[in-house]
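Following: one structure in structure tokens, then a few remarks.
The values are calculated or read from the model by the stated rules, or taken from the named source; none is laboratory data. All values derive from a computational prediction rather than experimental measurement. Cβ coordinates were reconstructed from backbone atoms using ideal geometry, including for glycine residues, and neighbour counts include every protein chain displayed. For the accessible areas, the whole protein counts, side chains as well, though only heavy atoms, and no ligand, DNA or RNA atoms are used. Shrake-Rupley method; radii C 1.70, N 1.55, O 1.52, S 1.80 Å.
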Amino acid sequence: MKETDKSADLSRLAMKRALSGSLLLTFRELWAMRLTQGIVAVSTLAWLLLSFAMNLDVVEGSISALKIFGVASVPDEMVKDVATGEWVRQAISVDKFVIGISSFVFGAAYFLGTLLGLFATMPLIGGFLEQGRIDLLISKPLTRSRLLTGHLLGVLLTVLALATYLILGVWVAISIKTGLWHPIMLLSIPLIVIMFGVMYSVILSVTIVSRSSGLALILTYGLIFISAILAAHDQLEKVLSPSAKLIYRIFYHVFPNFVEVVMIQSQLLSGEAVSSWYPLFSSILFGSVIYGLGYFWFNRRDF
Amino acid sequence: MSTPAITTQGLTKTYASAFGRKKIEALRGIDIEVAQGEIVGILGPNGAGKTTLLKILLGIVSPTSGSATLMGRPIGEVEARRKLGYLPENHRFPPYLTARQTLDIYGRLSHLSADYRAKHIPLLVEQAGLASWIDVRVGKFSKGMMQRLGLAQALLNDPDILVLDEPTDGVDPVGRREIRDRLRNLKARGKTILINSHLLTEIELICDRVAIMNFGQIVRSGSVSEISTEGTGWRIQCRNLPNALDLSSYNAKREDLNTVPVPVPVPVPEKEIDTGQVSQDEVNLDPNVEKVIILDSGLTETLNALIDYLRANGINILSVERHRRSLEAGFLDIIDQQKAKS
């Protein structure tokens, strides 16, 4: 019995070693592409700006003065006076300021980060499947699924590390400046990683099937564009004919709702109840199905 | 009797185009058995199915039907590949990795421990003649250096079976000799080696056995010497053979002079050269000039008849042996016969 346990432990250790090889290969490639260094540099710049170039004066929960690079301004907003019923200018509250900054950083990281990240990681899967490389990898004593998982984990862990570096840094900088610690902002990190993962499923699977990472990127960007149209379902469904509405609804339920997920994050940041988690869950389901197809094809195709 | 290193039974592979409209039969029932410790060369023209066969053994391509084993294990099992080394044709190592990092990653993928990798990687790199390049990015390596590194990678897990696709491609003659020596050492250690190469002279020098493939089938297999002598006639070495002697009725010919050992020069009197009256036959009649006759027929009756004829004409016969072609000539003959049949 003990011998069996020992043998199973050794086998598990060997498999972990093999997985670490696949992970390391992906990390090194991302490092060599200078992608990680570039994003780290931009993120560092973002939270250094927030830390040193921005000065805030908070009086009774409102921003009384804001200086960016020494230039003073008072962020304000139009609010309705309850007594008179008139719209008046009023200094913005710290809460709203934090939500605004957080939403901006999340939006930038979500859209720009995902679009650039997909563009930058596109050659990665192309290189991984290149003749002369994939055949050597497959000849090693590990299953194809494990090999692909190592690659995928490498990409997703890198995205997680980069998103954490940016969001956590910005969160700490803003929180120190304002004295308000809203941990809800950190939910942006898993949201970015999950939605990047959903969109990367298309890059991965289409490249496996077609061997064209360019085609995969075009399709992925196409889906993001379609998701912007699908996000306006409340307005568009009113003007569509019944048959067009049916097609629109099918698209809405089948395709990832990349743009609509931003609304979930906005509601979370502003402390509102999330109106619907459906866009996130349907996107995860879409990604899971596409990954399933990608894994299935990767396991059975000849290289 | 030990388990064969490699076996295949009725292995077929059919590639189908999109929607299955066009089908290409890459392999049509391959049956081979390679014993442990053998070096076997797979030969064949382009498109014969050699690479497909190797890729099926390595699990890179799945067979349409048939089965195969490596050290007794079915090829589909991950464990079957644990003690396997592979050098693909035109392999592409990530150019941003150094030689050490490359071998480290492929070592991990082969389940090798950190201690083993730390000990063996510098050793293998040194054996490959790349010791001073160990921490240089492989993107800077020449084709020959990449090939040496590729071989080091294939040997990293001390494999029982080594599959090499064009191992000497791009390697200079000195490097090729080193690779040959290493392969012979591996054979001496009981390793099984399967080689696919277009350089038939390399195959001839290394392999115990060759399998010739054409149109997805093994059309001939045997030892290098069997392939080289198969269907060939006789080689007769003699002296005093005048050019005028007619050999055509025996379907025999004089071998190209370039392939005959250079005869000892015979001093010719200056006077005769000056007058230009010395015939070639007279020079050849010198007892020191050796000639070779190639008899196409392998029949001993024809050989004996020719020997009688030569002896009757006063020709001094030095030796009679089976005519041995180069492996390349044998290979081309077999492929030509196949073409003629098809």
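So the values come out like this:
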| item | result |
| --- | --- |
| Chain A: angle of helix A:94-107 to the longest principal axis, Cα-based, in degrees nearest 10 | 30 degrees |
| Peptides ranked, highest mean first, by Cβ atoms within 10 Å: ranges A:160-172, A:214-226 | A:160-172, A:214-226 |
| Cβ neighbours within 10 Å from other chains - mean over B:75-82 | 3 |
| Helix B:300-312 vs. chain B, principal-axis angle (Cα, 0 to 90°, nearest 10) | 40 degrees |
| Value at 222 nm in deg cm²/dmol, rounded to 500, when DSSP H runs of n ≥ 4 in the protein assembly as shown each add -39,500 (n - 2.57) | -16000 deg cm²/dmol |
| Spin-label model distance (nm) - A:ILE176 vs A:LEU246, 7 Å beyond Cα toward Cβ | 6.0 nm |
| Linear extension gain, A:GLU272 paired with A:PHE119, 0.36 nm per residue minus alpha-carbon span | 51.7 nm |
| Calculated P(r) of the protein assembly as shown - Cα pairs past 50 Å, % | 38 percent |
| Per-pair calculated FRET efficiency, R0 = 41 Å: B:ALA305 and B:ASP336 via Cβ, rounded to 0.05 | 0.90 |
| The stretch A:115-158 and the stretch B:202-243: distance between their alpha carbon centers, rounded to Å | 45 Å |
| Span from the the stretch B:61-123 Cα centroid across to the the stretch A:33-60 one, whole angstrom | 44 Å |
| Stretch gain in nm, segment B:SER142-B:ARG322, where the contour uses 0.36 nm per residue and the Cα spacing is subtracted | 60.5 nm |
| Heavy-atom accessible area ranking, 1.4 Å probe, most first, across B:VAL224, A:VAL289 | A:VAL289, B:VAL224 |
| Other protein chain Cβ atoms within 10 Å, averaged over every residue that makes up B:47-59 | 2 |
| Angle in degrees between helix A:260-269 and the longest Cα principal axis of chain A, rounded to the nearest 10 | 50 degrees |
| Table column - 3J(HN,Hα) (Hz), the stretch B:178-189, Karplus curve with 6.51, -1.76, 1.60, x for Gly and Pro | 4, 5, 4, 4, 5, 5, 5, 4, 5, 4, 4, 8 |
| Whole-percent carbon and sulfur share, accessible surface of chain B, 1.4 Å | 51 percent |
| Within the stretch A:272-303, backbone nitrogen closer than 14 Å to the virtual label 7 Å beyond the Cα of A:LEU156 toward Cβ | A:284-295 |
| Other protein chain Cβ atoms within 10 Å, averaged over every residue that makes up B:90-97 | 5 |
